[in-house]
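Shown next, in structure tokens, is the structure this report addresses.
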Amino acid sequence: MATRAQKAQGIADAWNAAHPEGTLVKYWRGRKSGEPSGTGATRSPAEARGDDAVVFITGCSGFVCLSHVEVV
């Protein structure tokens, strides 16, 4: 059985296979409801951080969990 960290890495790997760096996304910093917090291009490949798959986005400080990102 895969650990949560391994699952996060699998999610990041699948994202990277489908979405190159520079993909335009909208993102939510808090709960994923209502209007997004912003829109920007990914500025890194997705990666696992602890139990979460995350990506860095231009114009956004820090990283955003992939569960809070949608491709535009």
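Values quoted throughout were computed directly from the atomic coordinates according to the rules given, and no laboratory measurement underlies them. Small disclaimer: the values here were computed from a predicted structure and weren't measured. Ideal geometry is used to build each Cβ from the backbone, glycine not excepted, and the neighbour counts take in all protein chains shown.
Overview of values
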item	result
Restricting region 30-52 to residues that are out of contact with any strand residue (DSSP E or B) (no Cβ under 7 Å at 6 or more places or on another chain) and free of Cβ contacts under 8 Å to residues at least 40 places away in the same chain, the residue that is nearest to His68 (Cα to Cα)	Lys32
Residue within region 4-15 that is free of Cβ contacts under 8 Å to residues at least 60 places away in the same chain, on the phi > 0 side of the Ramachandran plot, surrounded by fewer than 18 Cβ atoms within 10 Å (Cβ to Cβ) and out of contact with any Pro (no Cβ under 7 Å at 6 or more places or on another chain) present	no
Any hit, region 41-50, residues being buried (at least 16 other Cβ atoms within 10 Å of the Cβ) and out of contact with any helix residue (DSSP H, G or I) (no Cβ under 6 Å at 6 or more places or on another chain)	yes
